[in-house]
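The values are calculated or read from the model by the stated rules, or taken from the named source; none is laboratory data. Owing to the predicted nature of the structure, the values given are computational and were not obtained by experimental measurement. Methodologically, a virtual Cβ is constructed for each residue, glycine included, from the backbone with ideal geometry; neighbour enumeration extends over all protein chains shown.
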Amino acid sequence: MAILERMSRRLVNKLILLFTTIIILVVGSLTFISYQMLQKESVTNSIESTSNNLLLVNQNMEDYLKGMEQLSLPQIRYDEITYAIMHESEDYASKMYLENYMRGLYYSRDDLEAIYLYVIKENKYYSITQENYNITVRTGTDPAIRKLPWYEKAMASPNNRSYQSFVEPQSDPGYPIASENSFMAYHRVLRSIVSRQPQAVLSFYFDSSVRDEILKDIPFNEGQHLMFLSPDNEPFYTDDSGFYERASAAALSDKLTSQPNGQLTWSEGEQKYLVVYDVGEQEGWKLVKPIPYSQIYEAATTTRNISFSIGFLFLLLSIIIVTYFSNAITKPLQKLSYQMNRFSTGVFDAEAEVRGRDEIAYLSRHFNQMVRRTNDLINERYKMKLAQKNAILKALEAEINPHFLYNALQAISTKALKNERYDIADMVDALALTLRYCISGKDIVQAREELKHIENYMSLQKARFGSRLQVTYEWEDSLKELEIPKLSIQTLVENSIKHALEKVSSTITIDIRARLTDSHTAISVKDNGPGFTPDRLEQVRKSFQSDWEDRESKDESIGLVNLNTRLKLLYGEEAELLIRTDKTGTEMEMLLPRGGVSHV
């Protein structure tokens, strides 16, 4: 037997070494190969998905630009427009025609900041903008407009048009308009049909609403960038002006070819980018999206780490399986000992696994019977307490007919509104919401529900105490999802009103706060009232320690005592209700273990 035992132990060691070696070799090889393949696949997928996305978005952007061009063409009314431009200075009807024409253009779209019509021979312009809530047409003169770059570019353009970007700070619109509110300007030269001489320049200033709506379809993660460039590489949109300046200084735009789509690798310092771009088929506008390679390889790196983790788990599993057979006899005793240890620490759902019919199985079976019997006794006692408490609550709720009260309060609110007594209507609505919340049937609510209830409750109290009652909140949005006992904060607030506000005639401020500690969530209600006397504070603290049956219902601190009991039942002994008081005020603080009710 001794020789067999020694052989068995040596075999276990051999099996552990064999399985460990195989798993390390297989997992290591597969992880290295898959990581290389995933890197290439990630780059390919990123190029394909980004290229398709940029293609669709760029088509929409060029359709949007084409819509600008269509908007600027008078089409069948071209001769009427040119006639009105030529005679607007001496013919009032022509002037009104131009103003109505500009109004029609302005009302035809909802993405226009302003429209300007520059009459060349008069050095005069018409403008239409929204001032406050009115659409206003104004006139002005400015001969310097002819010297601006966009004007010269429009006059030199073979198709009588030019685009103006406001991304770069030196862009000067020439007109009295805030360029920071505009996405771009589109200028159209209106020429005489007969002489082909320029008569006017029609300028549209577009806001960023439609542009943002189109570009939002491009997936965008932190670290990525997006640029929208004209055919001559003038920027019309950049998500990061600093990045564009660095890319422009490095002549990134010069590396973009005129092919419909493409990609290249570009480095900025230690950061390496995959630059995917799309060139519009109609006019050659470019959408450029630099993506850090670190983001592209992120999935491959994660997969590699997961593979190593899985391999490590398989290694542990093989060791466990091999050692299991050598420890098959002592394993049931270890399990039974573990469950007994859990039971001794107060975990009353500890049951040992029973296998076979030997002495260990006999011990395990009788231990499980003892655990079940203990659980039955504990549950029976707890359910009796819970049934007694619920019976009292149901009896109180049964005394009120909720539907009758809701209808009655609604009738009172309607009556107050008809008589323009809005203060009474607000109080009735707050009372109805308070009643609905109190008898909602839930015992655990989110903090935002409790805070909303406190606001309604405070509005009723302010109707009683007026400006003497002041309330402040320090509650982060992330903590408003916290689950807390219903009416718990109200209990603390009621105590401040009763023992502070009702005791003095001066103004009382109630501070409601929430904060996180290493192990608890702390919710406090603090007032600047006269505070508790030492004897009274000691009496309240002693009432927390007394049995539920021994508490007197007429005790003034019954609300705090009941709240402390609810906290212990819901969260266990780690929950606590603290009271700190002196002559400067009283602070009551609930400490809830982090993890909520599931902590118990």
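Observations, loosely collected:
- Residue selected from the range 447-483 under the condition surrounded by 15 or more Cβ atoms within 10 Å (Cβ to Cβ) and of a type in the set (S, T, N, Q), by the criterion nearest to S506 (Cα to Cα): Q470
- Filter pass, R188 being in a loop (DSSP other than H, G, I, E, B), farther than 16 Å from P149 by Cβ and charged (D, E, K, R): no
- In summary, helices (runs of 4 or more DSSP H) completely within the range 285-345 and bearing 2 or more residues that are at pLDDT 70 or above and surrounded by fewer than 16 Cβ atoms within 10 Å (Cβ to Cβ) occur at 298-326, 331-344.
- Apart from one condition, R211 fits all of (1) in a strand (DSSP E or B); (2) of a type in the set (K, R); (3) crowded, with 16+ Cβ neighbours inside 10 Å; the exception is (1).
- All positions within the range 514-528 that are in a strand (DSSP E or B) and crowded, with 17+ Cβ neighbours inside 10 Å: A514, H520, T521, I523, S524, V525, K526, D527
- Figure legend. Inter-residue proximity from the range 563-582: first residues more than 16 Å from D443 (Cα to Cα), second residues among the small types (G, A, S) and at pLDDT below 85, beta-carbon distance below 6 Å, spacing 6+ or different chains. Indicated pairs: T581/G531; D582/G531.
- Selection from the range 276-294 of residues that are in contact with a Gly (Cβ under 9 Å, 6 or more places away or on another chain) and over 24 Å from S162 (Cβ atoms): V276, I291, P292, S294
- Answer residue from the range 78-136, given it is polar (S, T, N, Q), more than 21 Å from Q197 (Cα to Cα) and out of contact with any strand residue (DSSP E or B) (no Cβ under 8 Å at 6 or more places or on another chain) and is modelled with the lowest pLDDT among those: N132
- Just one of the listed residues (D239, D278) is in contact with a Leu (Cβ under 9 Å, 6 or more places away or on another chain), more than 19 Å from V43 (Cα to Cα), of a type in the set (D, E, K, R) and touching a residue at least 12 places away in the same chain (Cβ under 8 Å), and it is D239.
- Unmet criterion (only one of (1) free of Cβ contacts under 8 Å to residues at least 40 places away in the same chain; (2) surrounded by 15 or more Cβ atoms within 10 Å (Cβ to Cβ)) for D91: (2)
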